[in-house]
Amino acid sequence: MTAIHPPADPIGVLRAPDAVHFGRGSLASLAPAVARLGRRALVVVDPFLAGTPAFAGALAALDAAGVETHVHSEVIPELPVESVVAAAEAARGIAPDVVVAYGGGSALDLGKLVALLLSQPGPLSDYYGENKVRGPVLPIVAVPTTAGTGSEATPVAVVSDPDRELKVGVSDAALIPRVAIVDPDLTTGAPAAVTAYSGIDAIVHCAESFTAVDRAPDWAQTLPIFVGRNRMSSLLALDGLRAMGDALPRAVADGSDAEARDRMAWGSLLGGMAFGSGGTHLSHALQYPIGALTHTPHGLGTGLMLPYVLQACFAQTSDRLALMAEALGVATGRSERDDAQAAIDRLAAITVEIGLPASLADIGLDRAELPRIAGLAAGVTRLVALAARDATPDLLERILDAAYDGDRSRLV
Ligand SMILES: NC(=O)c1ccc[n+]([C@@H]2O[C@H](COP(=O)([O-])OP(=O)(O)OC[C@H]3O[C@@H](n4cnc5c(N)ncnc54)[C@H](O)[C@@H]3O)[C@@H](O)[C@H]2O)c1
Ligand SMILES: [Fe+2]
């Protein structure tokens, strides 16, 4: 089989930071990067990372570069909206001219949303959805410590709002950090569960943007944030999968495996840039209600659902899946069909190797809840519309049913 690289999708859209600094030691570039953007920095940092020598060193370097810093380290997982508003209120008196966001996806998303609230009138709910931000926000410099959400490069931030049944997202190009500083060394301390859940989500970002629907945009209109699979997102997603396929099980098994950490940090960055234009689809749509009902981490839900979702989209995406098999190192050389199946089987095996629960039953869901979950997921129209096939509530329920029993063969 001949690999087409990059895959010849008809359109290409890229959303990315002005600068990406990737590599071990790149944290040293934080102070000069921030000093170019402002003199007074609000530093939003994950509470665990706030106590690390690397963070202390970064603050000292900012001070030496003449940047005044104000640290906010109250980052509540799942980002309740009132914690975002409180962080923005506290920061208003400081009047920062740049925001540094340092930590996992939660800290990065908090930094992005505080930058938004300090620049544009509230309430935050005005910005839920796509393309709702009307002007620029404070410049953001993002330093991820998980691999990862890819939030350092995406136009997205996700919050929990008690007024909404599901988590909600603000998706707007204004939220893309100006500079992403991705130093794989910062992820070395992440415990195995965090590595597993955030890492599989990065793989899902690549797999879903690579198998999303491709459709012609109306170039004369403001483009939707997620335009569907395209030449840029495909290039990034495939390379992300190539980097992460065997690195994730290695990073989970041995957190000090520097090469595996390096590959994961690179792959999650590419995954963020890939889904920042290409979007994600059904694993993410299904995770929203699953996560809300079970209070399980985002990546656990997206990772658990991915093999079932890809199996359900097999007929529409087998050419893409076969290319994924090559990137994952499991191409059979027999036929496109065999390669496509090998890719799904390999992704399913990765979820087992990293210790994800094997079924929806294992995370404590009741089978009777599946129709409701399917209905709620069907309502996440921006994601469902990106699937390569028509995802009716009935199809979503069939996917959930197969995942409930851990039986992919039902979807073949
Ligand atoms: N903005 C986006 O594009 C985007 C994409 C996907 C997911 N998300 C959101 O990101 C959040 C999940 O982010 P996450 O998976 O990075 O987890 P997280 O930021 O919630 O962190 C999880 C835990 O890991 C700890 N941690 C982080 N880095 C560490 C390190 N280096 N060493 C030790 N502990 C560390 C944190 O203290 C926390 O306890 C969810 O809210 C999800 O909805 C955002
Ligand atoms: Fe995700």
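The values are calculated or read from the model by the stated rules, or taken from the named source; none is laboratory data. Values in this document were obtained by computation on a predicted structure and should not be read as measured data. In this analysis, Cβ positions are derived from the backbone assuming ideal geometry, glycine residues included, and neighbour counts consider all displayed protein chains. For the accessible areas, the whole protein counts, side chains as well, though only heavy atoms, and no ligand, DNA or RNA atoms are used. Shrake-Rupley method; radii C 1.70, N 1.55, O 1.52, S 1.80 Å.
Largest first, how would 372, 134 line up by accessible area (1.4 Å probe)?
Result of the area sort, largest leading: 134, 372.
What is the dipole size for the chain, taken about its Cα centre, with +1 at each Lys and Arg Cβ and -1 at each Asp and Glu Cβ, in debye to the nearest 20?
Using only the charged Cβ atoms, the result is roughly 720 debye.
Of all GluC sites (Glu not before Pro) in the range 31-108, which ones are in loop regions per DSSP and have a Cβ with at most 16 other Cβ atoms within 10 Å?
74, 78
Tell me whether the range 246-332 comes out rounded, prolate or oblate; compute the Cα gyration tensor, take square roots of the eigenvalues as a ≥ b ≥ c, and use a/c under 1.5 as the rounded threshold.
oblate
In Å, what is the Rg of the alpha-carbon atoms in the chain, and how long is Dmax?
Cα-based Rg and Dmax for the chain come out at 20.2, 64 Å.
Using 0.36 nm times the number of residues separating residue 358 and residue 125, minus their current alpha carbon distance, what extension gain do you get?
Separation in residues times 0.36 nm, less the Cα-Cα distance, equals 80.3 nm.
In nm, give the distance between the simple-model label positions of residue 410 and residue 134, each being 7 Å from the Cα along the Cα-to-Cβ direction.
The modelled label-to-label distance comes out at 4.9 nm.
So what is the accessible area of the range 274-412 per residue, in Å², with the probe set to 1.4 Å?
With the other protein chains kept in place, the range 274-412 gives 35 Å² per residue.
Could you give the length gained on full extension between residue 40 and residue 193, defined as 0.36 nm per residue of separation minus the Cα-Cα distance, in nm?
The residue 40-residue 193 span can extend by a further 51.5 nm.
Suppose the chain between residue 164 and residue 254 were pulled fully straight at 0.36 nm per residue; how much longer would it get relative to their current alpha carbon spacing?
28.5 nm
For the range 98-148 and the range 314-380, write down the distance between their C-alpha centroids in whole Å.
31 Å
Please say if the range 96-205 is rounded, prolate or oblate, where rounded means a/c under 1.5 for a ≥ b ≥ c the square roots of the C-alpha gyration tensor eigenvalues, and otherwise the choice is prolate for a/b larger than b/c and oblate otherwise?
Oblate, since a/c reaches 1.5 and b/c is not below a/b.
Kindly provide the helix-only [θ] at 222 nm of the chain, computed as the sum of -39,500 (n - 2.57) over DSSP H runs of four or more divided by all residues, to the nearest 500 deg cm²/dmol?
Helices in the chain give a 222 nm mean residue ellipticity of -15000 deg cm²/dmol.
Using a/c under 1.5 as the rounded threshold, could you call the range 192-411 rounded, prolate or oblate? The axes a ≥ b ≥ c are square roots of the C-alpha gyration tensor eigenvalues, and prolate needs a/b larger than b/c, oblate otherwise.
Note, shape of the range 192-411 comes out rounded.
Taking the range 134-231, which chymotrypsin sites (Phe, Trp or Tyr not before Pro) meet the DSSP loop condition and have no more than 13 other C-beta atoms within 10 Å?
Those satisfying the criteria are 219.
Which order do 235, 400 take when ranked by solvent-accessible area (1.4 Å probe, heavy atoms of all protein chains), largest first?
From most accessible down to least: 235, 400.
Put a dot 7 Å past each Cα toward the Cβ at residue 92 and residue 60; how far apart are the dots in nm?
Going by the 7 Å Cα→Cβ label model, 3.6 nm.
Rank these by accessible area, largest first, 1.4 Å probe: 256, 151.
256, 151
Carbon and sulfur together cover what percent of the accessible area of the range 247-327 at a 1.4 Å probe radius?
54 percent
Among 331, 385, 223, whose Cα lies farthest out toward the positive end of the dipole of the range 192-411, if unit charges sit on the beta carbon of Lys, Arg (+1) and Asp, Glu (-1)?
Result: 223, furthest along the dipole toward the positive end.
For residue 271, what is the net charge nearby, where nearby means another residue's Cβ is under 14 Å from its Cβ and Lys, Arg count +1, Asp, Glu -1?
That sum, taken over residues with Cβ under 14 Å, equals 0.
Provide the solvent-accessible area of residue 298, counting protein heavy atoms only and rolling a 1.4 Å probe, rounded to the nearest 10 Å².
Looks like 60 Å² after rounding.
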